[in-house]
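The structure under discussion appears below in the form of structure tokens.
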Amino acid sequence: MTDAEIIAVEVIGIEQVTPLIKHFTLAPLAGGSLPAFSGGSHIIVVMRGASRVHRNPYSLLSAPHELGSYEIGVRRMEESRGGSHFMHDAVRLGSRLEIAHPVNLFGLDKIARKHVLIAGGIGITPFLAHLEDLNYGTVPYELHYSVRSPEHAAFIERLRRRAGDRLRVYHDSEAQAIDVEALLMMQPLGTHVYVCGPAGMIKHVIATAKSAGWPDSHIHWEQFSAPPVGEAFDAFLARSNVTVHVPPDRSLLESIEAAGVEVPYLCRGGVCGFCRTRVVEVDGELIHNDHFLSDADRSQGRSIMPCVSRARCRSLVLDL
Amino acid sequence: MSAAFKPHETFRDDFTFRNSPEAIRRFPLPFPEDDYMYSVNIEPHLPGPPGSVTEFAFDVDEHYIAECREREIVLAAEPLRFQALPHMMSAQWDCLELIMESLARDYPGHFSLSRRGNQWHWINRPLDIEQRFTFGDAATLPRQPLDYVARQAQGDFVLMDQRDGDLWTEAGMVTTQADWSLDFDMGMTFKEWHGPVPLAHELQVFDRALKFLLNLRLGKPVRRLNWTMTVNPRLDTSPENYPAWGKDRASVTAQNAGDRVHLRVELQGLWRLPRSNAVVFGIRCYLLSMRELATVPKWARRVHRVLKNLHPALVDYKGLARYRDAVVEWLAPFDDGTPTTSGCAPE
């Protein structure tokens, strides 16, 4: 994906749904419909700030069959490099943004006999779209939603309407926690589990499912990493013959794009593998923050995912 | 292509199928060079030049009506040429939308589609079909959505569900195939489906193709060409009907190869589908007799050279072993050794 393929949208709705989460409704500037999508899809939102461009992935939470607008939920990140702060502070009703076509990296398995959905905090958003598809079908499901406290339970009314008694909400503030072990021990054969939320929750669900004997093919998760802040470093793009400086609060991919070199991407969150770039040479250490490269890939040190990964090095040469 | 339809030509029995001179000039020759080996030759399915087979998403040519009639003949005898697993219903609707929208947009004189919410009105003038239906409600169509729409399109369609890091062949309409069977391949993964292809697995062609297709994006279809040869202009060369056509291979001689032997080119298109996140694989078959090919001097020289030097494993896999030499002999007088210009254009 490149910026040439974007859709211009206008913000037609903003609602502060919890102290940390804002709910945005985006309609196409050109009028008409936005592209149809499937539950679990995300879009990249391009935010053109005064000093820099942010491109963040957000799951679509609106109904896949309602295409007059898209809805997203944005949590204000404490250690934001600016994207979520831009959405919270600079975007107003009528603001214009750009988005990319939806991509689905977190679809429901269509031959599952049952779906167990586990969400933590802002991780609820892809499930909101999934519920629309699930309510059309006959496959049973249950949704477990963990939040800090009742005031942090974003979209709770909508969830209750759509999921009814298949929804269970857990409040940290009342020492309620999802008993993942008990939950995964008692599921019928053919059940798939999906988790989206904080890194710790995802790890816990995956580890618990594996130790309970669930096959990998039945465990699904999605976590968009925000590109972490790190030390500044320089990268030399061998084919383009340019050196780019990567400041602490900017990702390698953003820095490459700022230098006018295009790298194909889909998720910008270390998930899809699309921006994988060949490392020609590195004098130092690659800091892999993605969820895509295997341990073997990492130990070889020949690839990097510039959307989220960095380097601590004297020099880095990329095949770009 | 606005050429007149030839509704009465046949792809069986008396084989009256022929290409007009215009159809010959737009034939999608798959050989940009004088020799051939597999590659992951996938490119964006962008509009080609006016009149070319890639001008539009789905090409409708002079054989449209005849090919749709041929499909009805096959389906009447073998209903299992259309199959769809229950979880592919949303992909079927996606595919119907893609085909109807494309045809109505690209050939407004032949097809029209009006949509009011879920109430759709479809008109197919060449086949004299008019249908009002509710999108998403299969009970409002006379057949399942893919079955309905694919009977009104040229070429085969396979719907692949995406899950577990793979693409699964789980619905399709296949009546114009080069010796493979939907009935046999239903439920297979991408690599299982392509299991019989020689050499390509070793070249990791399917690893790379699968990885590419798993990331195929909405609104960014891709295409590639594939090819084989067929004796007589027979669209339905299925394994199920091998007794009907397999013996034709033994009938080829260096004298009759020009009329009997056809280059069979598949224009394969792949689209991501929006609601189902499935992938549709369209396989459109074009046939060209050696005599028709030889009306383009560059193509005759090139195909002569390609066939002469073709890797033995490919000769075998493509089923050419019995008659390749006869075709090479028939084409030899058209090849004086003059170099060919690169690319596939006639000259």
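Structural remarks
- Any chance B:LEU273 is within 14 Å of chain A (Cβ to nearest Cβ), over 21 Å from B:LEU314 (Cβ atoms) and surrounded by 22 or more Cβ atoms within 10 Å (Cβ to Cβ): yes
- Residue in the range B:84-107 that is in contact with a helix residue (DSSP H, G or I) (Cβ under 8 Å, 6 or more places away or on another chain), without any contact (Cβ under 8 Å) to a residue 60 or more places away in the chain and not in a helix (DSSP H, G or I) present: no
- Tally, over the range A:273-292, of residues that are over 16 Å from A:LEU316 (Cα atoms), surrounded by fewer than 22 Cβ atoms within 10 Å (Cβ to Cβ) and of a type outside the set (Gly, Ala, Ser): 4
- Some residue of the range A:141-151 being under 30 Å from A:ASP179 (Cβ atoms), surrounded by fewer than 23 Cβ atoms within 10 Å (Cβ to Cβ) and touching a residue at least 60 places away in the same chain (Cβ under 8 Å): yes
- Residues of the range B:193-212 satisfying the condition of being in contact (Cβ under 8 Å) with a residue 40 or more places away in the chain and either more than 14 Å from chain A (Cβ to nearest Cβ) or touching a Lys or Arg at 6+ places or on another chain (Cβ under 9 Å) (or both): B:PRO196, B:VAL197, B:PRO198, B:LEU199, B:ALA200, B:LEU203, B:VAL205, B:ALA209, B:LEU210
- One residue from A:LEU134, A:LEU167, A:LEU184 being surrounded by 12 or more Cβ atoms within 10 Å (Cβ to Cβ), closer than 20 Å to A:HIS42 by Cα and not assigned by TED's automatic domain parsing to the domain that holds A:HIS23: A:LEU134
- The residue pairs whose first member lies in the range A:94-118 and is among the small types (Gly, Ala, Ser), whose second member is in a loop (DSSP other than H, G, I, E, B), and whose beta carbons are closer than 6 Å, counting only pairs six or more residues apart or on different chains, are A:ALA100/A:MET1; A:GLY107/A:SER38; A:GLY107/A:GLY40; A:GLY107/B:ASN277.
- Count - residues of the range B:166-203 that are farther than 20 Å from B:THR237 by Cα, assigned to a loop (DSSP other than H, G, I, E, B) and of a type in the set (Val, Ile, Thr): 0
- Out of B:ALA104, B:ALA84, B:ALA150, one residue alone is crowded, with 21+ Cβ neighbours inside 10 Å and among the small types (Gly, Ala, Ser). It is B:ALA150.
For (1) within 14 Å of chain A (Cβ to nearest Cβ); (2) modelled with pLDDT of 95 or more, each residue gets a yes or a no:
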{"site": "B:PHE157", "(1), (2)": "no, yes"}
{"site": "B:MET160", "(1), (2)": "yes, yes"}
{"site": "B:ARG163", "(1), (2)": "yes, no"}
{"site": "B:MET173", "(1), (2)": "no, yes"}
{"site": "B:ASP185", "(1), (2)": "no, yes"}
{"site": "B:LYS191", "(1), (2)": "no, no"}
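- Look at (1) in contact (Cβ under 8 Å) with a residue 12 or more places away in the chain; (2) within 14 Å of another protein chain (Cβ to nearest Cβ) and you find that A:PRO227 fails only one, number (2).
- Unmet criterion (only one of (1) facing chain B (nearest Cβ under 9 Å); (2) assigned to a strand (DSSP E or B)) for A:GLY107: (2)
Yes/no per residue for (1) of a type in the set (Gly, Ala, Ser); (2) crowded, with 17+ Cβ neighbours inside 10 Å; (3) without any contact (Cβ under 8 Å) to a residue 12 or more places away in the chain:
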{"site": "B:ASP13", "(1), (2), (3)": "no, no, yes"}
{"site": "B:ASN19", "(1), (2), (3)": "no, yes, no"}
{"site": "B:ALA23", "(1), (2), (3)": "yes, yes, no"}
{"site": "B:PHE27", "(1), (2), (3)": "no, yes, no"}
{"site": "B:PRO32", "(1), (2), (3)": "no, no, no"}
{"site": "B:TYR36", "(1), (2), (3)": "no, yes, no"}
{"site": "B:PRO47", "(1), (2), (3)": "no, no, yes"}
{"site": "B:ASP61", "(1), (2), (3)": "no, yes, no"}
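- For A:THR138: the one exception among (1) touching a helix residue (DSSP H, G or I) at 6+ places or on another chain (Cβ under 6 Å); (2) hydroxyl-bearing (Ser, Thr, Tyr); (3) within 14 Å of chain B (Cβ to nearest Cβ): (1)
- Residue in the range A:58-93 that is farthest from B:LEU216 (Cα to Cα), counting only those that are part of a loop (DSSP other than H, G, I, E, B), within 14 Å of chain B (Cβ to nearest Cβ) and touching a residue at least 12 places away in the same chain (Cβ under 8 Å): A:GLY68
- Candidates are the residues of the range A:230-257 that are of a type in the set (D, E, K, R) and in a loop (DSSP other than H, G, I, E, B); the one that is nearest to the other protein chains (Cβ to nearest Cβ) is A:ARG239.
- Some residue of the range B:26-43 being in contact with a Leu (Cβ under 7 Å, 6 or more places away or on another chain), over 19 Å from B:PHE11 (Cβ atoms) and within 14 Å of chain A (Cβ to nearest Cβ): no
- Selected residue (criterion: surrounded by the most Cβ atoms within 10 Å (Cβ to Cβ)) from residues of the range B:63-76 that are out of contact with any Ser or Thr (no Cβ under 8 Å at 6 or more places or on another chain) and among the charged types (D, E, K, R): B:ARG69
- Some residue of the range B:243-259 being within 14 Å of chain A (Cβ to nearest Cβ), touching a residue at least 40 places away in the same chain (Cβ under 8 Å) and of a type outside the set (Val, Ile, Thr): no
- Some residue of the range B:110-123 being at negative phi and assigned to a loop (DSSP other than H, G, I, E, B): yes
- Residue in the range A:14-27 that is under 27 Å from B:ARG272 (Cβ atoms), within 14 Å of chain B (Cβ to nearest Cβ) and modelled with pLDDT of 95 or more present: no
- Taken together, the residues in the range A:29-56 that are within 14 Å of another protein chain (Cβ to nearest Cβ) and either among the charged types (D, E, K, R) or surrounded by 14 or more Cβ atoms within 10 Å (Cβ to Cβ) (or both) amount to 11.
- The criterion of being surrounded by fewer than 17 Cβ atoms within 10 Å (Cβ to Cβ) and in a loop (DSSP other than H, G, I, E, B) holds for B:LYS220.
- Single condition A:LEU97 does not satisfy, out of (1) outside the structural domain of A:ILE7 (by TED's automatic domain parsing); (2) not in a loop (DSSP other than H, G, I, E, B): (1)
The values are calculated or read from the model by the stated rules, or taken from the named source; none is laboratory data. What you see is a predicted model; the values in this text were computed from it and never measured. As a convention, Cβ positions derive from the backbone with ideal geometry for all residues, glycine included, and neighbour counts pool all protein chains shown.
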